[in-house]
Amino acid sequence: MEENMDESQSQKGCKECCERCVGSLPWASLIATILLYMGVALFCGCGHEALSGTVTILQNYFEVIRAPGETLDVFTIIDILKYIIYGLAAGFFVFGVLLLVEGFFTTGAIRDLYGEFKITACGRCLTAFLMFLAYLFFLVWLGVTAFTSLPVFMYFNVWSMCQNTSVVEGANLCLDLRQFGAVTISEERKVCTGSAKFFNMCDSNELDLTFHLFVCALAGAGAAVIAMVHFLMALAANWGYLKDASRMQKYEDIKSKEEQELHDIHSTRSKERLNAYT
């Protein structure tokens with residue numbers, strides 16, 4: 001009988017411990033962090049490979065050559081975009097960790113309000129600063145999403161032409177890189193629908209793969225925007241909770257101080273009465 005009671009108590013203790021651990025997790029920040037990492041990884045990985053595929057298409061089918069020296073051409077711009085992708089991947093990895101740690105500390109501050117953890121003005125200022133950064137990065141990712149939609153639109157047009165070659169065969173349409181600003185006005189780099197280069201480009205895997213990679217990169221940028229919105233909501237809620245908890249903590253401190261003063265006054269009067277009686 002005693003063994004069954006001990007076993008039930010141990011199971012109850014493990015259950016309470018698990019519930020305490022699960023309840024102390026900042027689920028909003030955790031979900032937002034996972035969504036942010038997935039979006040950034042999808043955008044950076046697919047965007048990098050899509051840019052490499054763009055270089056291959058420009059070199060093989062449009063015969064664009066890299067300019068000598070440090071001239072700013074389309075290949076240099078693509079290299080700059082790749083470095084920006086590297087910076088985004090590293091920067092938002094650190095930013096996601098900071099936001100997740102803030103979520104853990106804020107959750108602990110709320111749940112352990114009357115314990116050893118004290119809510120300070122520094123903690124509230126840090127939450128407000130991270131909220132400002134989250135809003136700023138939300139605007140940045142909105143811009144990145146809008147910028148990523150441009151190559152998706154361009155590749156969709158080319159991909160649609162390749163999918164409807166029988167319809168556009170007699171139309172004599174041409175893809176001129178000068179229209180997209182990829183080459184200077186003096187250079188003529190175009191591929192027309194009736195040429196062998198056009199059919200070779202449509203039959204190759206580079207065009208289809210690059211188009212779908214840009215679509216995945218656009219989806220990743222959209223996921224990062226949603227993650228920033230999640231972080232903004234979580235940070236705003238945490239800041240409000242911390243502000244209310246700080247007020248409650250000040251009220252409790254004043255209340256305990258007044259109770260201590262009343263207790264001291266009562267003790268002093270009791271001693272005075274006892275001395276007068278004796």
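The values are calculated or read from the model by the stated rules, or taken from the named source; none is laboratory data. Predicted, not measured: the structure shown is a model, and the values here were computed from it. Because the Cβ atoms are built from the backbone with ideal geometry, glycine has one as well, and the counts that use them run over all protein chains shown. Only protein heavy atoms, including side chains, enter the accessible area calculation; ligands, DNA and RNA are left aside. Shrake-Rupley method; radii C 1.70, N 1.55, O 1.52, S 1.80 Å.
Could you list, ordered by first residue, the pairs with Cβ atoms under 7 Å in which the first is in the stretch 40-56 and under 15 Å from residue 83 (Cβ atoms) and the second is surrounded by fewer than 20 Cβ atoms within 10 Å (Cβ to Cβ) and small (Gly, Ala, Ser), at least 6 apart or interchain?
Qualifying pairs under 7 Å: 44/89.
Mind counting the residues in the stretch 188-237 that are open to solvent by less than 10 Å² (accessible area, probe 1.4 Å) and more than 16 Å from the chain's Cα centre (by Cα)?
Final tally of qualifying residues: 6.
For every residue, the table says whether it meets (1) at pLDDT below 80; (2) part of a loop (DSSP other than H, G, I, E, B); (3) closer than 30 Å to residue 72 by Cβ.
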site	(1), (2), (3)
105	yes, no, no
122	yes, no, no
136	no, no, yes
162	no, no, no
185	yes, yes, yes
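Which residues, counting only those in the stretch 133-165, are open to solvent by 60 Å² or more (accessible area, probe 1.4 Å) and more than 14 Å from the chain's Cα centre (by Cα)?
147, 150, 153, 154, 156, 157, 159, 163, 164, listed by residue number.
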